[in-house]
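Have a look at the structure below, then the notes.
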Number of protein chains: 2
Amino acid sequence: MNNPLMNTKPTVLAFDVFGTVVDWHGSIASEVRRLNLGVEPEAFATAWRKGYRPAMARVRSGELPWTKIDDLHRMILDEVLTQFGITSLTEPEIRHLNFVWHRLNPWPDVIEGLGQLKTQFTLVTLSNGNLGLLANMAKKAGLPWDLILSAEVFRHYKPDPETYLGVAQTFDIPPEKVMLVASHKDDLASAHACGLQTAFIERPLEFGKDHIRDDLHQESFTNYHAKDFLDLARQLGI
Amino acid sequence: MNNPLMNTKPTVLAFDVFGTVVDWHGSIASEVRRLNLGVEPEAFATAWRKGYRPAMARVRSGELPWTKIDDLHRMILDEVLTQFGITSLTEPEIRHLNFVWHRLNPWPDVIEGLGQLKTQFTLVTLSNGNLGLLANMAKKAGLPWDLILSAEVFRHYKPDPETYLGVAQTFDIPPEKVMLVASHKDDLASAHACGLQTAFIERPLEFGKDHIRDDLHQESFTNYHAKDFLDLARQLGI
């Protein structure tokens with residue numbers, strides 16, 4: 001739903017990736033299920049993701065030096081493997097599992113939706129994922145980004161303002177010409193505070209079918225509120 | 001021609017852009033011709049580009065703080081406009097002209113060649129151009145990069161080693177799994193010194209038809225020597 005208070009048309013759409021573009025929970029659970037590790041795949045996926053924010057917070061606070069997500073994912077994975085009592089994996093197998101984040105699958109509407117949006121907007125990522133991860137993911141899934149931007153470029157993790165404002169600076173445009181597209185309200189609220197436009201995407205299954213999200217109501221700080229990327233394209237007049 | 005001394009197949013091809021992928025001289029001369037400024041368009045293009053290396057050298061030496069190419073191009077453009085006695089352009093017109101570097105046209109073989117190479121390799125840019133410039137250029141010209149990397153990401157201009165090694169670090173692979181594709185021998189020699197593979201692309205018309213390049217012979221530090229991207233694809237077995 002369009003917010004009449006802000007009608008400047010954005011030129012750049014900046015997409016959050018994990019959860020907004022790709023189904024991390026379902027993709028990781030599937031991979032763990034295939035590995036037949038004798039653990040509950042959905043619980044494993046949840047535990048791995050749960051370590052994500054605390055790990056980034058250690059970088060944001062300066063406790064850790066700049067560390068890319070691949071390395072944070074590995075630190076967390078080592079803990080989760082211990083926690084689940086998994087000792088059967090070799091080092092190359094653990095490394096391969098860690099890179100499952102490079103192989104996440106997009107939600108069903110994403111490829112067609114991005115294809116439509118790309119005809120009228122410049123599409124970029126704004127993810128805490130590192131560049132190599134995002135590039136490998138895009139190549140495998142066929143995500144048609146015009147530019148992959150990452151916390152790694154700005155050396156700041158979201159929600160640091162340097163990330164949101166960095167997108168505008170990259171294109172030499174004012175913040176209100178950038179719209180963050182995300183499924184997470186804290187991300188959108190932070191972008192809004194930096195002067196960006198915002199579009200919320202409902203992703204009810206982000207945490208799996210046993211934990212349907214209950215935070216999908218409209219907020220005052222979002223300019224658009226869409227079911228998925230096709231709905232957003234329609235609302236944007238495509 | 002394949003160099004038998006190094007047969008590791010690269011996984012990432014990193015492309016120099018100005019001159020290698022796009023025809024800066026012809027594109028700028030065309031734009032200047034259309035503007036009807038009463039100057040010799042080819043001489044104008046040559047003068048503008050001539051300021052490029054000295055400007056970057058001032059950044060590399062620390063005389064200037066980090067300055068992106070858009071801003072260096074503008075500094076040089078202001079000097080060139082004075083040098084050519086051009087006073088008729090308004091500020092918005094000068095700004096538009098400065099962004100001609102975002103609108104450069106690819107050489108005729110590029111789109112088809114990159115399309116072929118993309119089926120077997122990860123294609124990235126490694127350019128001194130800034131991210132916004134490279135993204136706008138790719139969108140307009142349809143360049144199918146898997147990832148746009150730039151001096152702006154590494155905060156170092158080529159030929160600083162941080163740029164060549166930065167590509168390998170981005171993908172967490174050894175330097176010899178990256179091949180620099182470029183039309184400039186100093187760029188290739190610097191990449192070779194960092195352990196990358198190298199492919200030279202002949203671009204005889206880079207400086208215009210009145211200044212055909214005479215430095216197109218094979219060198220010891222290049223693994224491949226190709227007429228254009230289609231020839232490179234053929235040599236790489238595609």
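General observations
Condition check ((1) in a loop (DSSP other than H, G, I, E, B); (2) touching a helix residue (DSSP H, G or I) at 6+ places or on another chain (Cβ under 8 Å)) across all residues:
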site	(1), (2)
B:PRO92	no, no
B:PHE99	no, yes
B:GLY132	no, yes
B:TRP145	yes, yes
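- Output for region B:195-210, where each listed residue is more than 16 Å from the chain's Cα centre (by Cα) and free of Cβ contacts under 8 Å to residues at least 40 places away in the same chain: B:GLY195, B:LYS209
- Residue selected from region B:205-238 under the condition aliphatic (A, V, I, L, M) and surrounded by 13 or more Cβ atoms within 10 Å (Cβ to Cβ), by the criterion farthest from B:PRO175 (Cα to Cα): B:LEU205
- Every pair of residues 6+ apart whose Cβ atoms lie under 9 Å, when the first sits in region A:61-74 and is under 23 Å from A:ALA135 (Cα atoms) while the second is among the β-branched types (Val, Ile, Thr): A:TRP66/A:VAL59; A:THR67/A:VAL59; A:LEU72/A:VAL59; A:HIS73/A:VAL100; A:ARG74/A:ILE94
- Exactly one residue among B:ILE94, B:ILE111 is hydrophobic (A, V, I, L, M, F, W, C) and either in contact (Cβ under 8 Å) with a residue 24 or more places away in the chain or within 13 Å of chain A (Cβ to nearest Cβ) (or both), and that residue is B:ILE111.
- Residue within region B:43-56 that is within 14 Å of chain A (Cβ to nearest Cβ) and at pLDDT 95 or above present: no
- For region A:178-215, the set of residues classified as closer than 30 Å to B:TRP101 by Cα and either in a loop (DSSP other than H, G, I, E, B) or within 14 Å of another protein chain (Cβ to nearest Cβ) (or both) consists of A:VAL178, A:CYS194, A:GLY195, A:LEU196, listed by residue number.
- Filter pass, A:LEU149 being within 15 Å of the chain's Cα centre (by Cα) and within 14 Å of chain B (Cβ to nearest Cβ): yes
- Test result for B:VAL100, more than 14 Å from every other protein chain (Cβ to nearest Cβ) and under 15 Å from the mean Cα position of the chain (by Cα): yes
- For region B:110-137, filtered to residues that are surrounded by 21 or more Cβ atoms within 10 Å (Cβ to Cβ) and of a type in the set (Gly, Ala, Ser), the residue that is farthest from B:LYS158 (Cα to Cα) is B:GLY113.
- Extreme residue, farthest from the chain's Cα centre (by Cα), among residues of region A:112-139 that are farther than 23 Å from A:ILE173 by Cβ and among the charged types (D, E, K, R): A:GLU112
- Checked across region A:159-177, the condition of being at pLDDT 95 or above, surrounded by 23 or more Cβ atoms within 10 Å (Cβ to Cβ) and in a loop (DSSP other than H, G, I, E, B) holds for no residue.
The values are calculated or read from the model by the stated rules, or taken from the named source; none is laboratory data. Only a predicted model underlies this, so the values are computations on that prediction, with no experimental measurement involved. All Cβ positions, even for glycine, are placed from backbone atoms using ideal geometry, and neighbour counts span all protein chains on display.
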